[in-house]
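What follows is one structure encoded as structure tokens, with my remarks underneath.
Each value in this text was obtained by applying a stated rule to the coordinates, not by laboratory testing. These numbers come from a predicted model, not from an experiment. Neighbour counts are summed over all protein chains in view; Cβ atoms, including those assigned to glycine, are modelled from backbone coordinates with ideal geometry.
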Amino acid sequence: MVSRENTGAVDEKYLIFSVLDKLYALPSKYVGEIVVFNTVYPLPLMPDYVMGIINRYSVPYVLFDTGVLLFKEPAHRGKMLVIKEDIDRIAFLIDDIADITDIMKTHLSEIEQDTESCGIADVISESFKWNNDDVFVLDIGRIINRVTKEAAG
Amino acid sequence: MRFFLSVFKNFFTAIPISHVSSLMLYYSGVEKAVSRDEETLNTYFSLPHLFNCPDEPIKHGIVLKTGGMGEEQESVAGNKNILLLPEVEREDDIPPEDIYPLTGILLEIYGSKSAIFTGIRFAGIKHDCRENGAVMPVLFINPEQLVETMVYQLYKGKI
């Protein structure tokens, strides 16, 4: 009998959320908590897609305005998706949570990184279909690369 | 460790008192991030200009020790580095364990300017006049790195 793991059809849990009425996702293993939008402290010398920092148990987390990051348009101030601290102290501003669902690896379509511009492909890596909608998977590594690239420029 | 806390609109900056020679009132206008007084040979570094908030009213100047941290090397009038700041509201004792170093994504965001900041802190700092006494974060400054970075930025034409 061939196991599902050997066929590459392993399920991974994804948290699906909306930003400016479009759907995005992150592997749920990266998500630490989801909190209602609260006080944000702007800091100097931040790029426009960083709203500032938020206070999570006296630890500063950088809050990305996901709308500005993706479309140069501010997102609704709905909820904040806080990434686990061992990945980085990052949070994303989102409209709301849509679902948590298992997606098979074979159902993911890879998106090639755009090396030329700071476009949407710079921050997403994969997509999948969910309830007849396209869902784009944010890539935290690509987001950090973009930040590094822009800070160096 | 003791710090002078200067209040900006959304945050405080903290300058370690160990690096400070004196605190002065500052009444003159400031138009540039870095300016030099050719008479006194003092150099003025405007933090509101560096932080892209030039409308913050400058009220105080912090005269840095000529030899950096510790005892002042010489006592000459002029030829000083002076940090221009909005109101220095108070001095405070903040233990090092209460200061979070800038790590990960914050270092990436600040890039070459990250050396200016030695850390950040939320808790315990209230500013009564703004946002109904809301707690604002404190950015801890390394004065020597700040001066070095601002001179470099000026040289590169970035400020």
Note, segment A:27-37: 3J(HN,Hα) by Karplus (6.51, -1.76, 1.60, θ = phi - 60°), whole Hz, Gly/Pro = x, goes x, 5, 5, 8, 8, x, 7, 10, 10, 5, 3
Have a look at B:L64, B:L23, B:L107 and tell me which one the Gaussian network model of chain B (Cα, springs below 10 Å) gives the largest fluctuation. B:L107
Given H placed on each backbone N at 1.01 Å, which residues far from A:V19 in sequence or on other chains put an amide H within less than 5 Å of it? A:Y24, A:D95
Would you pull out the residues with amide H under 5 Å of B:F11's amide H, same chain only if 5 or more places away, H placed 1.01 Å from N? none
Any idea what diffusion coefficient segment A:63-153 gets from Stokes-Einstein, in µm²/s, Kirkwood Rh on alpha carbon pairs, 4 °C, 1.567 mPa s? 90 µm²/s
One checks the Cα atoms of segment A:50-91 and finds Rg and Dmax, in Å, of 10.6, 31
List, in order, the whole-Hz ³J(HN,Hα) value for each residue of segment B:139-154 obtained from phi through the Karplus relation with A = 6.51, B = -1.76, C = 1.60 and θ = phi - 60°; use x for Gly and Pro. 9, 8, 9, 9, x, 5, 5, 4, 4, 4, 5, 5, 5, 5, 5, 5
The protein assembly as shown - convex hull of the alpha-carbon atoms, volume per residue in Å³: 157 Å³
Give A:K13/A:K129; B:K32/B:K65; A:K105/A:K129; A:K13/A:K79 a once-over and call out the pairs whose C-alpha atoms are over 18 Å from each other. B:K32/B:K65; A:K13/A:K79
Which of B:P16, B:P54, B:P95 moves most in a GNM of chain B, Cα contacts under 10 Å? B:P95
The longest stretch of chain A containing none of the GluC sites (Glu not before Pro) that sit in a DSSP loop with at most 12 other Cβ atoms within 10 Å is A:6-111
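In segment A:1-106, what % of DSSP beta bridges are antiparallel (nearest 5)?
Working: 30 of 34 bridges.
In segment A:1-106, DSSP labels about 90 percent of beta bridges as antiparallel.
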Mind checking which of B:V34, B:V135, B:V63 has the largest fluctuation in a GNM of chain B, springs on alpha carbons under 10 Å? B:V135
Loop-exposed GluC sites (Glu not before Pro) per DSSP, neighbour cap 11 Cβ within 10 angstrom, longest uninterrupted part of chain B: B:75-159
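In whole Å and largest first, what semi-axes does the C-alpha gyration tensor of chain A yield when each eigenvalue is scaled by 5 and square-rooted?
On the way: eigenvalues 145, 63, 44 Å².
Calculated on Cα positions only, the semi-axes equal 27, 18, 15 Å.
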List every residue whose amide H lies under 5 Å from the amide H of B:K80, counting only residues 5 or more places away in sequence or on a different chain, with H placed 1.01 Å from N in the peptide plane. B:N42, B:T43
Tell me the label-point distance for the pair A:T39, B:I99, using the 7 Å Cα-to-Cβ offset, in nm and rounded to one decimal. 2.2 nm
